[in-house]
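Everything on this sheet refers to the single structure shown next.
The values are calculated or read from the model by the stated rules, or taken from the named source; none is laboratory data. This is a predicted model, so every value here is computed, not measured. Because the Cβ atoms are built from the backbone with ideal geometry, glycine has one as well, and the counts that use them run over all protein chains shown. Protein only, heavy atoms only, side chains kept; ligands, DNA and RNA dropped before computing areas. Shrake-Rupley method; radii C 1.70, N 1.55, O 1.52, S 1.80 Å.
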Amino acid sequence: QVQLVESGGGLVQAGGSLRLSCAASGRAFSTYTMGWFRQAPEKERELVSTISWSGDTTYYADSVKGRFTISRDNAKNTVDLQMNSLKPEDTAVYYCAAATVYGGIYSLDGYDYWGQGTQVTVSS
């Protein structure tokens, strides 16, 4: 069983920055693809970014490309999401997720474990 705990959410003005962090339990963290998703009110959960087990390969949704940066530290079992130039449309609950096998990592179904989420609110 893997437990994921997100932190770092909050309220920020448009143009500001936040750094989300996800702490994972378990010794197999370094083998997982990790992802960040978000869900705005009355909208479906959507993929924001992914990072491979080694950190060499990353993916970003078009809506955050150039503003968000995903990174991981396998020694600390953490994955972070640095969010810059935030916009009101980035307001959502952000979720960390772990995929224990590679495949389908660009959809929700590809992830086996989820955190409880952290709220990010960007005011205009």
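Results, tabulated for the structure shown:
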read-out	value
Pairs with Cβ under 6 Å, 6+ apart, first in the range 16-28 and more than 20 Å from Met83 (Cα to Cα), second open to solvent by 50 Å² or more (accessible area, probe 1.4 Å)	Ser25/Gln3
Hits in the range 59-74 - residues which are among the hydroxyl-bearing types (Ser, Thr, Tyr), open to solvent by 50 Å² or more (accessible area, probe 1.4 Å) and more than 14 Å from Tyr106 (Cβ to Cβ)	Ser63, Thr69
Whichever residue in the range 80-106 is at pLDDT 95 or above and either among the acidic types (Asp, Glu) or assigned to a loop (DSSP other than H, G, I, E, B) (or both) and, among such residues, is surrounded by the fewest Cβ atoms within 10 Å (Cβ to Cβ)	Glu89
Test result for Gly55, on the phi > 0 side of the Ramachandran plot, surrounded by 15 or more Cβ atoms within 10 Å (Cβ to Cβ), out of contact with any Cys (no Cβ under 8 Å at 6 or more places or on another chain) and not in a strand (DSSP E or B)	yes
Condition broken by Phe29, with the remaining ones in (1) open to solvent by 30 Å² or more (accessible area, probe 1.4 Å); (2) at pLDDT below 95 satisfied	(1)
When residues of the range 1-16 are limited to those that are open to solvent by less than 30 Å² (accessible area, probe 1.4 Å) and in contact with a Gly (Cβ under 8 Å, 6 or more places away or on another chain), the one nearest to Ser124 (Cα to Cα)	Glu6
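Residues checked against (1) in contact with a strand residue (DSSP E or B) (Cβ under 8 Å, 6 or more places away or on another chain); (2) under 19 Å from Leu18 (Cα atoms); (3) aromatic (Phe, Trp, Tyr):
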site	(1), (2), (3)
Arg38	yes, yes, no
Arg45	yes, no, no
Asp56	no, no, no
Arg72	yes, yes, no
Val79	yes, yes, no
Val93	yes, yes, no
Trp114	yes, no, yes
Gln119	yes, yes, no
Ser123	yes, yes, no
